[in-house]
Amino acid sequence: MSKILVIEDEQGIRENIVEMLEVENYTVLAAENGKVGVDLAQKNIPDLILCDVMMPELDGYYVLSELRSHSRTQTIPLIFLTAKATREDMRLGMDLGADDYLTKPFTRNELLGAVTTRIVKQVAVERKSQQQLDQLRNSIANSLPQEFQIPLNSIISLSRLLMEDFDTTDKNEALELLEKIYFSGKNLHRLTQNFLLYAKLVQIESNPKRFKMLQQLKEEAETEELIATTALQKAKEFEREYDLRLDLCSASVSISSSKIKKILEEILDNAFKFSRARTLVKVASNQDDRGFHLSIHDRGRGMSVAQINQLGAYVQFERHMYEQKGSGLGLTIAKLLVELHGGNLAIESTPGKYTSVHITLPSKKKN
């Protein structure tokens, strides 16, 4: 049965709530103040917390803030118990991450109804999260061996060649082999980091609490120089600096610099990888009342409408027809990062002709 923590400083009310819940076969923990309540929550990880707002030592808002600041307790549903439920108080509680309010005095049916509703919702959220994690595990199990095989084979075979012919290999040839080993290692590291990042983003997306907390972060980035520098670095990786065209505006967006950089790196990696040398890759940005707009255009192999609709992690379209390998995570990671920060990512493409990725992100209005 579910475990419920009751944090209430008035002994009579606390004992009544505990008794009503125990009759319904809930396992109940009780705390006489906020400090004890936070300690019990961190040690026992209850399924639900009922917490009074006005208490000595730590009030309910501080308790909620403290719980939301720790990964072990940040997603536990919390219902405030209060005799004071003004609009301002409720707004403050909801902003901090409260799930519901019960106004004192409340009836047994009101208490049990609120508890049952919240626990049922939490179970549904956890079940959905578990299903997505199971799908992720299956996808990783199917794709990891194949994706890791290419860089690992390169590292093993090249290093073996270098060791076996070490005495007869001249310095320049050895350096060339070491560079290939290094870049294979970098590719393997990037692939591993992308798998881990994707798993993290899926967890955030499937958990309303973590999703809300992410969107409440006060992140900000200046775009023009960041985008120009990132695009040039990626073009240099493919030795295609002369193929890059930039048309950028100055803007401030509501997302961190590191995330903007990651989004752009993944999209540009595809743009350069799946288009030929001496064909244009264009990065352009502008800002209007709807937000900040970023587009990346390449004249590469393109995708069909069906392929765009099927876009997802671990999908590599028609990989048997092309030398380029990849997990298909890049665009998916970019799309998740954009959407988790209140933006939108759309793709236009024609097979054999071009692909354009269009991104809109919230931004600060121009003065």
Flag if L133 is modelled with pLDDT of 85 or more, of a type in the set (A, V, I, L, M, F, W, C), out of contact with any Phe, Trp or Tyr (no Cβ under 9 Å at 6 or more places or on another chain) and in a helix (DSSP H, G or I): no
Of all residues in the range 45-73 being of a type in the set (G, A, S) and in a loop (DSSP other than H, G, I, E, B), which is nearest to the chain's Cα centre (by Cα)? S71
Take the conditions outside the structural domain of I76 (by TED's automatic domain parsing) and modelled with pLDDT of 85 or more and apply them to E205. Does it pass? no
Would you confirm whether or not the range 223-237 contains a residue that is at pLDDT below 80, on the phi < 0 side of the Ramachandran plot and part of a helix (DSSP H, G or I)? no
Pick from the range 247-274, criterion outside any helix (DSSP H, G or I) and within 23 Å of the chain's Cα centre (by Cα), ranking: farthest from K200 (Cα to Cα): S252
Quick one: how many residues across the range 1-44 are surrounded by fewer than 17 Cβ atoms within 10 Å (Cβ to Cβ), in contact (Cβ under 8 Å) with a residue 40 or more places away in the chain and outside any helix (DSSP H, G or I)? 3
Keeping to the range 75-119, report how many residues are among the small types (G, A, S), surrounded by 14 or more Cβ atoms within 10 Å (Cβ to Cβ) and modelled with pLDDT under 85. 4
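The values are calculated or read from the model by the stated rules, or taken from the named source; none is laboratory data. Owing to the predicted nature of the structure, the values given are computational and were not obtained by experimental measurement. Methodologically, a virtual Cβ is constructed for each residue, glycine included, from the backbone with ideal geometry; neighbour enumeration extends over all protein chains shown.
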